[in-house]
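For reference, the structure discussed in these notes is given below.
The values are calculated or read from the model by the stated rules, or taken from the named source; none is laboratory data. It should be emphasised that the depicted structure is a prediction, and the values quoted were computed from it without experimental measurement. FYI the Cβ positions are ideal-geometry reconstructions off the backbone, even for glycines, and counts take in every protein chain you see.
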Amino acid sequence: MSTNISRKLQGRQALISGGASGIGEATARLFAAEGAAVMIADIDDANGERVVHEIRQAGGLAHYRSVDVTDRTAVRRMVHDAAVELGGLSILFNNAMTNPSADYTEDQRWNLMLESGLSAYWAAAMEAAPILARSGHGAIVSNASIAGARMGIEFASEAYSAAKAGVLGLSRKLAKRFGPDGVRSNVICPGIIETPRWRGPGMPEPQFARRWRQMAPLGRFGRTDEAARLVLFLASDDASYITGQDIAIDGGFTMAMRFES
Ligand code: NAD
């Protein structure tokens, strides 16, 4: 994690879905260190409470809210609760996505992934937009993936790819619609970032990991603090003239693929 803290988010309020782990957790920690009051919304209460406790111990402002983002009503309530508890809302990081186990049917997996990874992003953004506009520094950052959003990937499911591709269209439309209100909307497209997700079921074989390291020009997986710094850039005034964009954070993997094809 960067020790180069400049309080870029002093006085801002940020809602981060899926902030109990991985990219969301690193972003919550960095945002708090940069001066933002943070609400972590997650389904994993134990880890969410732990992260909030640790942020507070480090002198940051953080709250935890238990939310299942497959429940659209709960998503809308989450936005309002965040604005009330934090005293406003200037940043929304749409990041959580359910990774359903093989116990679910194909139809159930499709529905859960599209609901959590696309519909929830839409519902949260639409609910948040007027509140973000009032903040004067409104920014929505959504977490897609190179899968679907940039390229087809063998181990990514159709549902995952479709949801991630949809996030790009959604974000561009949000940028167009809410830009006149001063709200920006951008997307990060991670390649492989080392998080607990990579230790879950259905994750790629070791030979794919090996191939990734060989093909990505930077020759390694990404770290969560690297992804968090990109989210910080897009959420902060450093990106004040950037909207409707998507940035790959993948060690050059997709660029190299295109070059070789
Ligand atoms: P992670 O598993 O470390 O964290 C995901 C968090 O989301 C967890 O805390 C989990 O409890 C929460 N979550 C899952 N389902 C939820 C639900 N229904 N309601 C509320 N919270 C829920 O994963 P990560 O790797 O940090 O992934 C975060 C985002 O980044 C996801 O959208 C993922 O698709 C995207 N992404 C990750 C990678 C990667 O390599 N790690 C690559 C591309 C995209």
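Look at the stretch 31-53: where a residue is more than 22 Å from Arg72 (Cα to Cα) and a partner is at pLDDT 95 or above and among the polar types (S, T, N, Q), sitting 6+ places away or on another chain with Cβ atoms under 6 Å, you get Gly35/Gln10; Ala37/Gln13; Asn47/Ser21. Can you tell me which residue in the stretch 76-89 is nearest to the chain's Cα centre (by Cα), limited to those that are away from the ligand (no atom under 14 Å from the Cβ) and closer than 15 Å to Ala28 by Cβ? Result: Leu89. Scanning the stretch 140-160 for residues that are more than 21 Å from Leu230 (Cβ to Cβ) and assigned to a helix (DSSP H, G or I) yields Glu158, Ala159.
Scanning the stretch 8-51 for residues that are crowded, with 21+ Cβ neighbours inside 10 Å and of a type in the set (Val, Ile, Thr) yields Ile16, Ile23, Thr27, Val38, Ile40, Val51. Is it true that some residue in the stretch 5-18 is at pLDDT 95 or above, farther than 20 Å from Gly87 by Cβ and under 18 Å from the mean Cα position of the chain (by Cα)? Yes, there is a match, as at least one residue in the stretch 5-18 is at pLDDT 95 or above, farther than 20 Å from Gly87 by Cβ and under 18 Å from the mean Cα position of the chain (by Cα). If the condition is being over 13 Å from the mean Cα position of the chain (by Cα), among the small types (Gly, Ala, Ser) and surrounded by 15 or more Cβ atoms within 10 Å (Cβ to Cβ), then the stretch 170-190 contributes Ala175, Gly182.
Any chance the stretch 179-188 includes a residue that's in a helix (DSSP H, G or I), in contact with a Pro (Cβ under 9 Å, 6 or more places away or on another chain) and within 11 Å of the ligand (Cβ to nearest atom)? No: zero hits. Report, ordered by the first and then the second residue, all pairs with beta carbons closer than 6 Å, sequence separation of six or more or different chains, a first member in the stretch 153-168 that is under 12 Å from Asp246 (Cα atoms), and a second member that is of a type in the set (Ser, Thr, Tyr) and not in a helix (DSSP H, G or I). Qualifying pairs under 6 Å: Lys164/Ser145; Val167/Ser142. Note on the stretch 83-113: residues that are out of contact with any Ser or Thr (no Cβ under 8 Å at 6 or more places or on another chain) and over 18 Å from Ile188 (Cα atoms) total 17. Filtering Thr254, Thr224, Thr243, Thr195 for residues that are in contact with a Cys (Cβ under 9 Å, 6 or more places away or on another chain) and either polar (S, T, N, Q) or on the phi > 0 side of the Ramachandran plot (or both) leaves a single hit, Thr254.
Looking at Arg109 and the list (1) within 15 Å of the ligand (Cβ to nearest atom); (2) surrounded by fewer than 17 Cβ atoms within 10 Å (Cβ to Cβ); (3) more than 19 Å from Ser21 (Cα to Cα); (4) of a type in the set (D, E, K, R), which single condition is not satisfied? Among (1) within 15 Å of the ligand (Cβ to nearest atom); (2) surrounded by fewer than 17 Cβ atoms within 10 Å (Cβ to Cβ); (3) more than 19 Å from Ser21 (Cα to Cα); (4) of a type in the set (D, E, K, R), Arg109 violates only (2). Exactly one residue out of Ala128, Ala144 is under 25 Å from Gly87 (Cβ atoms) and either among the charged types (D, E, K, R) or buried (at least 24 other Cβ atoms within 10 Å of the Cβ) (or both), and it is Ala128. Can you name the residue in the stretch 193-217 that is among the aliphatic types (A, V, I, L, M), surrounded by fewer than 22 Cβ atoms within 10 Å (Cβ to Cβ) and within 14 Å of the ligand (Cβ to nearest atom) and is also modelled with the highest pLDDT among such residues? Selected residue: Ala216.
For the stretch 207-222, the criterion of being within 15 Å of the chain's Cα centre (by Cα) and part of a loop (DSSP other than H, G, I, E, B) is satisfied by no residue at all. Quick check: anything in the stretch 155-162 away from the ligand (no atom under 12 Å from the Cβ) and either of a type outside the set (S, T, N, Q) or in contact with a Lys or Arg (Cβ under 9 Å, 6 or more places away or on another chain) (or both)? Scanning the stretch 155-162, I find at least one residue that is away from the ligand (no atom under 12 Å from the Cβ) and either of a type outside the set (S, T, N, Q) or in contact with a Lys or Arg (Cβ under 9 Å, 6 or more places away or on another chain) (or both), so the answer is yes.
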